[in-house]
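Novice: Pasting a structure below so you can have a look.
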Amino acid sequence: MNPASRAFAPLDFLQLLSIALIWGVNNILVKIAIDALPPMMAMGLRFGIVLVVLAVWLRPPPPGKWLLFAAMLACIGPLHVAIQSIGLKLATEMPPMIVAMQLWAPASVLFAGLILRERVSPLRWAGVLIAFVGAASMTFDPAVFAEGWALILVASASAFYGLGAVLVRKIGDGLDPWATQAWIALAAAPTLLLGSATFERGHFEAAQAAHWSVWAFIAFGAIVSSIVANAFMFKLVQKYEVSRTTPYLLLTPVISFGLAVLILHDTITWRILAGAALTMSGVALVALAERRLTARA
């Protein structure tokens, strides 16, 4: 029985839903932590915890691929995290930012065509176009247009993540998932903390004023979101095709949307909802196209 025809085991399906829940909750907790602390400081501390936990997994990267490996680390680590954290700091409303975070999937399709010379089916191109049009359409909402720079930064961070994901594929076999996470943390933590020390101010004052929950949220992001959820994900993608797991992860922005309204008291207008629905439809279409391609192989 191949992965495409294998039914989800109950425990695996529960883990898949828990990933969506963890990441959906973490999006809101990250915003709260970043609002309380300088953004690069908060994320540097998060990846510092990840590094401490996973340091024993550090292994040399695949021989002869140092430059590709370094570029991948830069995209997924410091560039993605720093730009996204600054964008979230500037944002006053989370829902549009949550949508922009999902653009890494269609962005990866673009980079795969450019870098890997992959053949991209018309259905996948349609998904990419729909996703980007949906994200762009949200700027017609006056509230979103007013914080356009935040949206541009978060979308740019997603593009860097999508590029990093394609570089992972270009590197090919030889990447241990735990070692890769440890390397990403090693690239991100010192870079972000140095950037924070150089460009951010008010570290001690913010740390003293921060509620204890802020530190708990940072620890949650490191231990539960970065390590536990990724551990679940690595296990699932080894057993099931990515295109089967991806649609369930579309629950992540739905959960984040609901929590943004309940906890952050954000406003979701019909324009934001329409743009979000269009974007997520595009992301789902990309996943559907990948599933069809896999089924033909």
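The values are calculated or read from the model by the stated rules, or taken from the named source; none is laboratory data. Keep in mind that what you see is a predicted model, and the values were worked out from it rather than measured. Positions of Cβ are backbone-derived with ideal geometry, glycine not excepted, and every protein chain shown enters the neighbour counts.
Novice: Any chance you could count how many residues in region 97-123 are under 28 Å from W149 (Cα atoms), touching a residue at least 24 places away in the same chain (Cβ under 8 Å), part of a helix (DSSP H, G or I) and not β-branched (V, I, T)?
Specialist: 11
Novice: Can you tell me which of (1) buried (at least 18 other Cβ atoms within 10 Å of the Cβ); (2) under 24 Å from T245 (Cα atoms) is the one A150 doesn't meet?
Specialist: (2)
Novice: Considering only helices (runs of 4 or more DSSP H) fully contained in region 194-297, which possess at least 2 residues that are farther than 30 Å from D176 by Cα and modelled with pLDDT under 95?
Specialist: Qualifying helices (runs of 4 or more DSSP H): 251-262, 270-296.
Novice: Continuing with the same structure: Pairs please, first residue from region 209-230 and among the hydrophobic types (A, V, I, L, M, F, W, C) and surrounded by fewer than 19 Cβ atoms within 10 Å (Cβ to Cβ), second anywhere and part of a helix (DSSP H, G or I) and at pLDDT 95 or above, Cβ atoms under 6 Å, 6+ apart in sequence or on different chains.
Specialist: Listed pairs, sorted by first residue: A210/A36; V224/I22.
Novice: I'd like the full set of residues that are surrounded by 23 or more Cβ atoms within 10 Å (Cβ to Cβ) and aliphatic (A, V, I, L, M), limited to region 30-40.
Specialist: Across region 30-40, the qualifying residues are V30, A33, I34, L37, M40.
Novice: Anything in region 124-145 that is farther than 19 Å from L285 by Cα and in contact (Cβ under 8 Å) with a residue 24 or more places away in the chain? List them, or say none.
Specialist: M138, F140, D141, A143, V144
Novice: Against the conditions (1) at pLDDT 95 or above; (2) surrounded by fewer than 18 Cβ atoms within 10 Å (Cβ to Cβ); (3) among the aliphatic types (A, V, I, L, M), where does L123 fall short? Just the number, please.
Specialist: With (1) at pLDDT 95 or above; (2) surrounded by fewer than 18 Cβ atoms within 10 Å (Cβ to Cβ); (3) among the aliphatic types (A, V, I, L, M) applied to L123, the lone miss is (1).
Novice: Right, something else. Let me spell it out: the conditions are (1) closer than 22 Å to L54 by Cβ; (2) among the hydrophobic types (A, V, I, L, M, F, W, C); (3) more than 16 Å from the chain's Cα centre (by Cα); (4) part of a helix (DSSP H, G or I), and V144 meets all of them except one. Which number is the exception?
Specialist: Only one criterion in (1) closer than 22 Å to L54 by Cβ; (2) among the hydrophobic types (A, V, I, L, M, F, W, C); (3) more than 16 Å from the chain's Cα centre (by Cα); (4) part of a helix (DSSP H, G or I) is unmet by V144, namely (1).
Novice: If you don't mind, another one. If I filter region 1-11 for residues that are in contact (Cβ under 8 Å) with a residue 24 or more places away in the chain and in a helix (DSSP H, G or I), do I get at least one hit?
Specialist: Checked region 1-11: no residue is in contact (Cβ under 8 Å) with a residue 24 or more places away in the chain and in a helix (DSSP H, G or I).
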